[in-house]
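A.B. asks: Supplied in structure tokens, the structure appears directly below.
The values are calculated or read from the model by the stated rules, or taken from the named source; none is laboratory data. From a predicted model like this one, the values you see are computed outputs, not experimental measurements. Heads up, the Cβs are rebuilt from the backbone with ideal geometry, glycines too, and the neighbour counts pull from every protein chain shown.
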Amino acid sequence: MLHHKLIAGEIPGTDLVTELINKEDLLTIANLIARQILAKGIAITDKYLLQ
């Protein structure tokens, strides 16, 4: 799991936040997701911004 405040959602590719998060947590999670996508060699495009 990317962050201790996230759990896997029922739908593949989704996550649920288990408790309140602040801006710092949100930015950390977003950074981790972006790094994971880039590590797989997938370009970050508008497709990811629209989801």
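A.B. asks: Looking at the stretch 3-51, which of the residues that are among the charged types (D, E, K, R) and surrounded by 10 or more Cβ atoms within 10 Å (Cβ to Cβ) is modelled with the highest pLDDT? Full working, then the answer.
C.D. replies: Filtering the stretch 3-51 down to residues among the charged types (D, E, K, R) leaves 5, 10, 15, 19, 23-25, 35, 40, 46-47.
Subset that is surrounded by 10 or more Cβ atoms within 10 Å (Cβ to Cβ): 5, 15, 25, 35.
Details: Lys5: 87, Asp15: 87, Asp25: 91, Arg35: 86.
Here the residue is Asp25.
A.B. asks: Of (1) assigned to a helix (DSSP H, G or I); (2) out of contact with any His (no Cβ under 8 Å at 6 or more places or on another chain), Ile7 satisfies all except one. Which?
C.D. replies: (1)
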